[in-house]
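Here's the structure we're looking at; comments come further down.
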Amino acid sequence: MLTVSGVAGLPEIREGDDLAALILAHTSLVDGDIVVVTSKIVSKAEGRLVAAADREDAIAAETVRVVAERGSVRIVENHLGIVAAAAGVDASNVPEGHVLLLPVDPDASARRLAERLREVAHVGVLISDTLGRAWRLGQTDAAIGAAGVRLFEQPERDADGRPLAVTMSCVADELCAAAELVKPKDGHVPVAIVRGRADLVGDLDLPGARSIVRSPDEDLFRTGG
């Protein structure tokens, strides 16, 4: 059975805070758990809160490529290869005149957190962020950092035994989306524990979430071909 539980009671995170210690103080982990952490608190702990009189300047500094633009809305590729609105620059729940940038290396952040949490239990870690979807309204959380988690499932056959040639589920994104259901934006619950998918928890040298980003040579929409 799959269960998803929010970790309540965490304090406001500030630069230098020990996220692993705080998580362990507010929940009990068991082998096979997957800990889903909102990127915002990782960024806060890592000192990614920066003064920015103009949010647009901060977005421009994080932008590698403008993918689409209409009026004041810009969809861009940032330094992590993530395509998102505003390059992932966040001005919500931060002091006036400041913005919060994404972690410099979310996979490395996830690995450091997983190493600490594995002193208690054999768990995996996902770092999530809210992203839009092309051709669909609304946003959902997706994995931008990962450590010790198998990111994809690729069944070979359907229920009738027929071969499946192109089906590959990004379970990392699915778990982050499920975790979002117990981490409401206004609920001060930035961490969730997914239990029941221990089969996805593996070695820390498994590929990180950067491997989810489609490479340019496979991106049909980059060239229009």
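Quick notes on this one:
- Within the range 172-210, being surrounded by 21 or more Cβ atoms within 10 Å (Cβ to Cβ), of a type in the set (A, V, I, L, M, F, W, C) and without any contact (Cβ under 8 Å) to a residue 60 or more places away in the chain holds for one residue alone: A172.
- Any hit, the range 183-196, residues being closer than 23 Å to A108 by Cα, of a type outside the set (S, T, Y) and assigned to a helix (DSSP H, G or I): no
- Checking each residue in the range 83-100 for being charged (D, E, K, R) and part of a strand (DSSP E or B) picks out only D90.
- The range 62-82, subset over 21 Å from the mean Cα position of the chain (by Cα) and not in a strand (DSSP E or B), residue nearest to I144 (Cα to Cα): S72
- Matching residues in the range 101-141 - criterion: being part of a strand (DSSP E or B), of a type in the set (V, I, T) and surrounded by fewer than 22 Cβ atoms within 10 Å (Cβ to Cβ): T130, T140
- Long-range neighbours under 9 Å by Cβ, at least six apart or interchain, first residue without any contact (Cβ under 8 Å) to a residue 60 or more places away in the chain within the range 42-58, second in a helix (DSSP H, G or I) and among the hydroxyl-bearing types (S, T, Y): A45/S109; L49/S43
- Some residue of the range 86-96 being at pLDDT 95 or above and crowded, with 22+ Cβ neighbours inside 10 Å: no
- Test: residue in the range 40-61 that is assigned to a helix (DSSP H, G or I), open to solvent by 30 Å² or more (accessible area, probe 1.4 Å) and within 11 Å of I193 (Cβ to Cβ): no
- Just one of (1) touching a residue at least 60 places away in the same chain (Cβ under 8 Å); (2) over 29 Å from P207 (Cβ atoms); (3) not aliphatic (A, V, I, L, M) fails for D31. It is (2).
The values are calculated or read from the model by the stated rules, or taken from the named source; none is laboratory data. Everything numeric in this text was worked out from a predicted model, so none of it was measured. Note that each Cβ is placed from the backbone with ideal geometry, even for glycine, and that neighbours are counted across all protein chains shown. Only protein heavy atoms, including side chains, enter the accessible area calculation; ligands, DNA and RNA are left aside. Shrake-Rupley method; radii C 1.70, N 1.55, O 1.52, S 1.80 Å.
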